[in-house]
1. Looking at (1) more than 21 Å from residue 11 (Cα to Cα); (2) surrounded by 13 or more Cβ atoms within 10 Å (Cβ to Cβ); (3) modelled with pLDDT under 95, which is the one condition that is false for residue 68?
2. For residue 83, indicate whether it is of a type in the set (Ser, Thr, Tyr) and buried (at least 17 other Cβ atoms within 10 Å of the Cβ).
3. Considering each residue of region 98-119, count those that are within 14 Å of residue 60 (Cα to Cα) and either assigned to a strand (DSSP E or B) or acidic (Asp, Glu) (or both), and give that number.
4. Restricting to region 80-97, name every residue that is farther than 21 Å from residue 27 by Cβ and outside any strand (DSSP E or B).
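The values are calculated or read from the model by the stated rules, or taken from the named source; none is laboratory data. Everything numeric in this text was worked out from a predicted model, so none of it was measured. With ideal geometry, Cβ positions are generated from the backbone for all residues, glycine too; neighbour counts draw on all protein chains shown.
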Amino acid sequence: MIDSVYFRQAELLLQILPLIDREAAFALKGGTAINFFARDLPRISVDIDLAYIPVAEREKSLHEISNTLVRISENVESKIPGTRIISKKVKGTDFLNVLFVRRKEATVKIEPNLVIRGSVFPPE
(Lines give C-alpha, C1' and ligand atoms only; values in the text may rest on other atoms or scores of the structure.)
Protein backbone atom coordinates (compact mmCIF):
# COMPACT_ATOMS: atom_id res chain seq x y z
CA MET A 1 0.00 0.00 0.00
CA ILE A 2 2.80 2.46 0.88
CA ASP A 3 4.31 1.98 -2.57
CA SER A 4 1.02 2.64 -4.37
CA VAL A 5 0.30 5.75 -6.41
CA TYR A 6 -2.81 6.32 -4.29
CA PHE A 7 -0.74 6.37 -1.09
CA ARG A 8 1.72 8.89 -2.57
CA GLN A 9 -1.16 11.06 -3.79
CA ALA A 10 -2.87 10.92 -0.40
CA GLU A 11 0.42 11.75 1.34
CA LEU A 12 0.95 14.77 -0.94
CA LEU A 13 -2.66 15.86 -0.49
CA LEU A 14 -2.27 15.79 3.30
CA GLN A 15 0.77 18.05 3.00
CA ILE A 16 -1.13 20.48 0.77
CA LEU A 17 -4.32 20.77 2.88
CA PRO A 18 -2.77 22.82 5.75
CA LEU A 19 -1.47 25.32 3.19
CA ILE A 20 -4.94 25.71 1.69
CA ASP A 21 -6.43 26.00 5.17
CA ARG A 22 -4.51 29.27 5.60
CA GLU A 23 -6.81 30.81 3.00
CA ALA A 24 -10.09 31.77 4.70
CA ALA A 25 -11.79 32.32 1.34
CA PHE A 26 -11.83 28.58 0.56
CA ALA A 27 -13.59 25.65 2.20
CA LEU A 28 -12.89 22.03 1.36
CA LYS A 29 -15.82 20.16 -0.21
CA GLY A 30 -16.53 16.97 -2.11
CA GLY A 31 -14.94 13.53 -1.95
CA THR A 32 -11.72 14.55 -0.25
CA ALA A 33 -13.60 16.28 2.55
CA ILE A 34 -15.72 13.15 3.00
CA ASN A 35 -12.74 10.77 2.74
CA PHE A 36 -10.42 12.42 5.19
CA PHE A 37 -12.77 14.10 7.65
CA ALA A 38 -16.19 12.44 7.67
CA ARG A 39 -16.23 8.81 6.51
CA ASP A 40 -12.75 7.32 7.05
CA LEU A 41 -11.80 6.77 3.39
CA PRO A 42 -14.93 5.13 1.92
CA ARG A 43 -13.74 5.75 -1.64
CA ILE A 44 -10.67 6.84 -3.53
CA SER A 45 -10.52 10.60 -4.06
CA VAL A 46 -7.27 12.53 -4.11
CA ASP A 47 -8.31 15.77 -5.70
CA ILE A 48 -9.06 18.89 -3.69
CA ASP A 49 -12.42 20.47 -4.48
CA LEU A 50 -12.89 23.92 -3.01
CA ALA A 51 -15.83 26.22 -2.43
CA TYR A 52 -15.15 29.95 -2.62
CA ILE A 53 -16.96 31.33 0.42
CA PRO A 54 -17.24 35.12 -0.15
CA VAL A 55 -20.21 36.16 -2.26
CA ALA A 56 -19.39 38.90 -4.76
CA GLU A 57 -19.82 39.76 -8.42
CA ARG A 58 -18.44 37.05 -10.72
CA GLU A 59 -15.55 39.14 -12.07
CA LYS A 60 -14.38 40.11 -8.58
CA SER A 61 -14.74 36.52 -7.37
CA LEU A 62 -12.72 35.16 -10.30
CA HIS A 63 -10.00 37.73 -9.61
CA GLU A 64 -9.84 36.78 -5.92
CA ILE A 65 -9.96 33.04 -6.63
CA SER A 66 -7.08 33.44 -9.08
CA ASN A 67 -5.01 35.49 -6.63
CA THR A 68 -5.64 32.96 -3.87
CA LEU A 69 -4.58 30.09 -6.14
CA VAL A 70 -1.35 31.97 -6.89
CA ARG A 71 -0.66 32.26 -3.14
CA ILE A 72 -1.42 28.58 -2.62
CA SER A 73 0.88 27.68 -5.51
CA GLU A 74 3.72 29.77 -4.08
CA ASN A 75 3.23 28.27 -0.60
CA VAL A 76 3.17 24.71 -1.90
CA GLU A 77 6.35 25.19 -3.93
CA SER A 78 8.18 26.82 -1.02
CA LYS A 79 6.97 24.48 1.75
CA ILE A 80 6.82 21.08 0.04
CA PRO A 81 10.17 20.13 -1.52
CA GLY A 82 10.17 18.57 -4.97
CA THR A 83 6.77 19.87 -6.04
CA ARG A 84 6.00 21.35 -9.42
CA ILE A 85 2.83 23.31 -10.13
CA ILE A 86 0.97 23.33 -13.42
CA SER A 87 -1.83 25.88 -13.57
CA LYS A 88 -4.76 26.24 -15.93
CA LYS A 89 -6.67 29.40 -16.73
CA VAL A 90 -10.32 30.00 -17.49
CA LYS A 91 -10.55 29.90 -21.29
CA GLY A 92 -10.05 33.35 -22.82
CA THR A 93 -8.99 34.99 -19.53
CA ASP A 94 -5.99 35.40 -17.26
CA PHE A 95 -7.87 33.92 -14.27
CA LEU A 96 -6.43 30.73 -12.80
CA ASN A 97 -8.99 28.02 -12.11
CA VAL A 98 -7.05 24.77 -11.57
CA LEU A 99 -3.70 23.80 -10.05
CA PHE A 100 -2.02 20.45 -10.58
CA VAL A 101 0.59 19.77 -7.91
CA ARG A 102 3.11 17.14 -8.95
CA ARG A 103 5.80 15.41 -6.97
CA LYS A 104 7.47 12.33 -8.41
CA GLU A 105 4.63 10.04 -9.57
CA ALA A 106 1.94 11.76 -7.49
CA THR A 107 -0.41 14.42 -8.84
CA VAL A 108 -3.07 16.25 -6.84
CA LYS A 109 -5.59 18.51 -8.55
CA ILE A 110 -6.80 21.63 -6.72
CA GLU A 111 -10.00 23.02 -8.19
CA PRO A 112 -12.34 25.68 -6.83
CA ASN A 113 -15.91 25.74 -8.09
CA LEU A 114 -16.25 28.91 -10.18
CA VAL A 115 -20.01 28.70 -10.57
CA ILE A 116 -21.36 27.85 -7.13
CA ARG A 117 -19.88 30.28 -4.62
CA GLY A 118 -20.76 30.96 -1.01
CA SER A 119 -22.06 28.62 1.66
CA VAL A 120 -25.46 28.05 3.21
CA PHE A 121 -23.87 27.19 6.56
CA PRO A 122 -20.58 28.41 8.03
CA PRO A 123 -17.67 26.11 7.11
CA GLU A 124 -16.53 23.79 9.89
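1. (3)
2. It is true that residue 83 is of a type in the set (Ser, Thr, Tyr) and buried (at least 17 other Cβ atoms within 10 Å of the Cβ).
3. 0
4. 80, 81, 82, 83, 91, 92, 93, 94
For every residue, the table says whether it meets (1) in contact with an Asp or Glu (Cβ under 7 Å, 6 or more places away or on another chain); (2) assigned to a helix (DSSP H, G or I); (3) modelled with pLDDT under 95.
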| position | (1), (2), (3) |
| --- | --- |
| 6 | no, yes, yes |
| 14 | no, yes, yes |
| 41 | no, no, yes |
| 46 | no, no, yes |
| 49 | yes, no, yes |
